1. Consider the stretch A:296-319. How many of its residues are open to solvent by 10 Å² or more (accessible area, probe 1.4 Å) and either away from chain B (no Cβ under 14 Å) or closer than 10 Å to A:C275 by Cα (or both)?
2. State which residue is farthest from A:N359 (Cα to Cα) when the search covers only the stretch A:72-100 and only residues that are in contact with a strand residue (DSSP E or B) (Cβ under 6 Å, 6 or more places away or on another chain) and in a loop (DSSP other than H, G, I, E, B).
3. Which of (1) in contact with an Asp or Glu (Cβ under 8 Å, 6 or more places away or on another chain); (2) within 12 Å of another protein chain (Cβ to nearest Cβ) does B:R101 not meet, given it meets every other one?
4. How about the stretch B:202-227: which of its residues are out of contact with any Asp or Glu (no Cβ under 8 Å at 6 or more places or on another chain), open to solvent by 10 Å² or more (accessible area, probe 1.4 Å) and over 21 Å from B:Q347 (Cβ atoms)?
5. Looking at the stretch A:133-157 only, could you name the residues that are more than 14 Å from chain B (Cβ to nearest Cβ), among the β-branched types (V, I, T) and closer than 16 Å to A:H112 by Cβ?
6. In the list A:G95, A:G41, A:G64, which residue meets the criterion of being surrounded by 22 or more Cβ atoms within 10 Å (Cβ to Cβ), within 14 Å of chain B (Cβ to nearest Cβ) and of a type in the set (G, A, S)?
7. Output the number of residues of the stretch A:313-324 satisfying the condition of being assigned to a loop (DSSP other than H, G, I, E, B) and out of contact with any Ser or Thr (no Cβ under 8 Å at 6 or more places or on another chain).
8. Can you run down the residue pairs with Cβ atoms below 6 Å, 6 or more apart or on separate chains, where the first is in the stretch B:334-345 and open to solvent by 20 Å² or more (accessible area, probe 1.4 Å) and the partner is part of a loop (DSSP other than H, G, I, E, B) and at pLDDT below 85?
Amino acid sequence: MAIDRRQMIFGAAAGLATGQLPAYTAPVAGPLYLTAAKADGSFKAMLLDKETETLWTLTLPGRGHGGAFNPVNTDCVIFSRRPGAFAVVVHRRSGQILHSLTPPDGRHFYGHGCYSADGRILYTTENDYDAEKGVIGLWNAANGYARIAEFDSYGIGPHDIALMPGGRFLAVANGGIATHPDTGRQKLNIPEMQPSLALVDANDGTRHTSLRLPSQLHKLSIRHLAVNNAGVIFAAMQYEGAADELPPLVARICDGRTHLLRAPGAIQSAMRNYCGSVAFGRSGGVIAVSCPRGGLVTFWNEDGTFAGSTAIKDGCGVAPATAAGEFILTGASGRIAVHSVKTGPAVGGKSVTGTMWDNHLVASKA
Amino acid sequence: MLTIRLICIVAALLAASGLAQAELGPEQKTRLIGSLLTNHVIPRYAAFRDQAAILRDALKRTCQAGQPPGTDVVKSAFSATLAAWMQVQHIRFGPVMAKDRFYRVQFWPDKHGRGGKQLNRLLNGPPDAVPDKNRIARTSVALQGLPALERLIFTSPDSNDRRREIACRLASAITHNLVQIADSTLADWQAYKPADAAIVIEALVRNLVEQLQIILDAKLARPLGKSVKLARPKRAESWRSRNSLNNIRHNLQGMLELIGGPDGGDGLRLATRPAKEGYDIADAMVENLNYGIKSISGHPGSLAEDVTSPKGREYITFLIAHVGGLQELIVEHLAPQLGVNLGFNSQDGD
């Protein structure tokens, strides 16, 4: 059952959004997948079912990026790509817009966010650009998504954010790169960048720990992360140093210790110093890390050993499929396929003509 | 005139759209990169090194004569060095990115005024605190390069003897360091052997798009602001030496050589499809670049003045449209014909 519900958001203006829930429509067997895309020449948010069929499509005022599912109700949210001016909360079954969020003055979204364990708070990574400081915005998801508070992200350029199991801490990938809306996406501090992974108390915003990479790797931007139920974090990184250096691009963080991971031989260089997205499989034992510049997705075991790779042109979106050890992969060519880490290259799948799948494919828990 | 030009660009886009051609083979790509390194990259970095050395020597003579750094001879040597750098500013891969060389030559925009603050601290401190030519290489990138030097050379001479002495010492250390950076960068380019020509072509095309974006955002739109009242002339690149528009002219000159082909070699245009029905995408790019270069040469004002007058703002707005058209030609036509996937997901930094 594909509901192609095209809706236009006029600008990022608030006011369109209301707190009214749409009529309940037939439940869809989960999990669900939220993604941004470019289709028919405009930017969209799309919700897919586990068979990768489109449930609804929403036209966005600009390019989308990451997203999140509320763990307790039917809300989901899609964020605009940095420097982002909007986020849209959508009813996951009907595709109806519930709220449009705009960042407060002097802030822009970085493209990612997550909910608290009780679903009452939405956390968003943001740039306090005049102070050149990363912040985490807090929005009251239980009451109209009002802006309620702001935490320090304890670094410059916070990008991805995830809630740790137990719900007490937020893991924040502070990419370390300063940008300012006046100069678009131009990087302003490469020689001085200091990326970090910060664990921040989800209730009061205090810092639990900041993990930094060895100083010779200070140009390794920690951008995306994924966490499993055991609290193991995998971070996917992008290197801003010289192209002929081949630093590790994947980090495994467990019990406060960081292990930097390298792919074997030629694959490490094929990753082109650039990882785009990371996700755990359903069982939490296998991890997919996409490398869109290299046109491949790499796989890793939870213990940090390498588990293989597969080619996909301009592929970036990775999300757990329903079976353990299987991932859904998406690419800008329109290709979307289920890949099994054990049985090798993705066969089948499909190419959706005219649809360019964007960076992230976000899976609901169930 | 402007309208006609824009119509031409639109016509070019229409004429070229929908056409495809087989991309260059690996051997052709290797030959193309070899030619670009020999005939574009290496000579341009050599010219930058030579200008930096002339500047160093001019400054040395000026300071030895007891004059402040900002004499006419030094000023013109500075502007020539800056021009030489602007002709390679579009290159942001390979040896120039190693050891922070690119940023040590020019850290800009310097949003928080790091360079100015450190410079003032040194000018008001004891002369012994001024780093020498070796130590300066290990100080902040904001203090090492052309922007710091420009402040020392183009700020009105100080009546205070001690500060003048410090300015001379510092300018001397910066120019010596600049020559060292330029020397080692050139040597590394001469020894540069890319393993994969396709990756270098991709880097060059990405760099072109990025450079044009920087011209659009940082060099033009940011000082322009939304109105005369919101114009910020001091946000312009090299406003102290009144080189803001010259810089863009030299940027276009460097890109013209890369695309159109340097003396004795092929440019990236080699890979574009030949003229058909009287229109050629490579011609459109070359013409667009030449037009921009000529237009800036014939424009009397400086960018810092332009952004504060309605007539000047019209000109800057026109330049933005013109450079934007060029970027579109590269993204929509040159990149695909070179087999470069600028990508959707593989774009920078998400």
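The values are calculated or read from the model by the stated rules, or taken from the named source; none is laboratory data. In this text the structure is predicted, and so the values were computed from the model without any measurement. Because the Cβ atoms are built from the backbone with ideal geometry, glycine has one as well, and the counts that use them run over all protein chains shown. Surface accessibility is based on the protein's heavy atoms, side chains included, excluding ligands, DNA and RNA. Shrake-Rupley method; radii C 1.70, N 1.55, O 1.52, S 1.80 Å.
1. Of the residues in that region, 11 qualify.
2. So the residue we want is A:T74.
3. In the conditions (1) in contact with an Asp or Glu (Cβ under 8 Å, 6 or more places away or on another chain); (2) within 12 Å of another protein chain (Cβ to nearest Cβ), B:R101 misses (1) alone.
4. Across the stretch B:202-227, the qualifying residues are B:L224, B:G225, B:K226, B:S227.
5. Initial filter on the stretch A:133-157 (more than 14 Å from chain B (Cβ to nearest Cβ)): A:134-155.
Within this subset, residues satisfying the condition of being among the β-branched types (V, I, T) are A:135-136, A:148.
Listed by number, the residues that qualify are A:V135, A:I136.
6. From the options A:G95, A:G41, A:G64, the qualifying one is A:G64.
7. 2
8. Pairs that qualify, where the first residue is open to solvent by 20 Å² or more (accessible area, probe 1.4 Å) and the partner is part of a loop (DSSP other than H, G, I, E, B) and at pLDDT below 85, are B:G339/B:E23.
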